[in-house]
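Participant: Have a look at this one.
Computed from the coordinates by the stated procedures, all read-outs in this text should not be read as laboratory data. On a predicted model such as this, the values are computed, not experimentally measured, just so you know. So basically every Cβ, Gly included, is an ideal-geometry build from the backbone, and we count neighbours across all protein chains shown.
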Amino acid sequence: MPRRFSSADWRLQSTPWRFEVLKISQAQLDDEIAAMRLKIAPMSRAALFLAGQAFRRYREGGGTRPNVLADVFIGAQASAEGWPILTRDERRYRAYFPDVALVSESN
């Protein structure tokens, strides 16, 4: 059975939004993903196009935060595949991916 991550496996980097997993191998990560029954899906061309469009709109709207690309890729993939997103940041996803169903504390 794969081991579960503990707080010792995570370390805060110099920037507050970036975490790095320590002390695990690729095989251990693969085991953890399998234990959670997650599926790894490649980004489709449609999702990549949507991500580029959303990021362009974000920058043209004056957005300057350096850590939005992960959210843009997640939103674009969800939009292209018709998947819902579990999030705490409804506002950003609704602004750039209004067709995506959101699961959050408020709904």
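Participant: Identify the residue in the range 49-71 that is in contact (Cβ under 8 Å) with a residue 24 or more places away in the chain and under 14 Å from the mean Cα position of the chain (by Cα) and, among all such residues, is nearest to Leu86 (Cα to Cα).
Facilitator: If we take residues in the range 49-71 being in contact (Cβ under 8 Å) with a residue 24 or more places away in the chain and under 14 Å from the mean Cα position of the chain (by Cα), then Val68 is nearest to Leu86 (Cα to Cα).
Participant: Mind checking which residues of the range 60-93 are of a type in the set (S, T, N, Q) and surrounded by 13 or more Cβ atoms within 10 Å (Cβ to Cβ)?
Facilitator: Gln77, Ser79, Thr87
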